[in-house]
Structures are given as C-alpha cells and as structure tokens.
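Below: one structure in structure tokens.
Nothing in this text is a laboratory measurement; each read-out follows from the coordinates by a stated rule. Bear in mind the structure is a predicted one, so any value in this text is a computation, not a measurement. Neighbour counts run over all protein chains shown; Cβ positions are idealised from the backbone, glycine included.
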Amino acid sequence: MAPYYYYGYFPFGFLGSLLWIIFWVFLVVLIIRLIRGSRHHNFKDFKEMMGNKSSLDILKDRYAKGEIDKAEFDQKKKDLME
C-alpha cells in the first residue's frame, strides 16, 4: 500500500499536482516569450540594417554605388512603378 502522502503520480497530493501544473505553465510561457522575443529582435535588426528604406531608395543606392548600370536601373525602376 502507498504511503498516505502519495496520490496517483504526484507525491504530496494536491500540493504536488499544483506544483507540477505551475511548473509546466511556467515552462510554456518561457518558451513562448523566447520565441516571440527572438522573432521580434531579428525583425528589428533587419529593419535597422536596411535603414527603413523603400525598394526605390535601395535601387537608387545600388545605382549610385555602381552595382547596376543605367539600363538595369531604368528597367527595375519601371518594374517597381507598375
């Protein structure tokens, strides 16, 4: 026969069950916060890296740096304006 303080799978009866529930709720909340925090942080870094520029601004910067020529710039600008 099990000791008087043992109740099913959880020792110490109701208190043991309550502690397990608190543990699992804490663990789930921690995982959710970590996932949300990492997603928000990465998106924020990406926006800062891009400098919140529009596609046309990025295209102009590439043309100014000489990464693309005039014909490619005009074609891509035309595509963006459509």
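Under a crude label model (7 Å from the Cα following the beta-carbon direction), how far is Asn52 from Leu80 in nanometres?
Inter-label distance under the simple model: 1.8 nm.
Moving on. Order of 22-31, 57-66 by packing, highest average Cβ count within 10 Å first?
Put in order of decreasing packing, that is 57-66, 22-31.
Given 0.36 nm per residue, what is the gain on full extension from Arg36 to Lys65 after removing their alpha carbon distance, in nm?
6.8 nm
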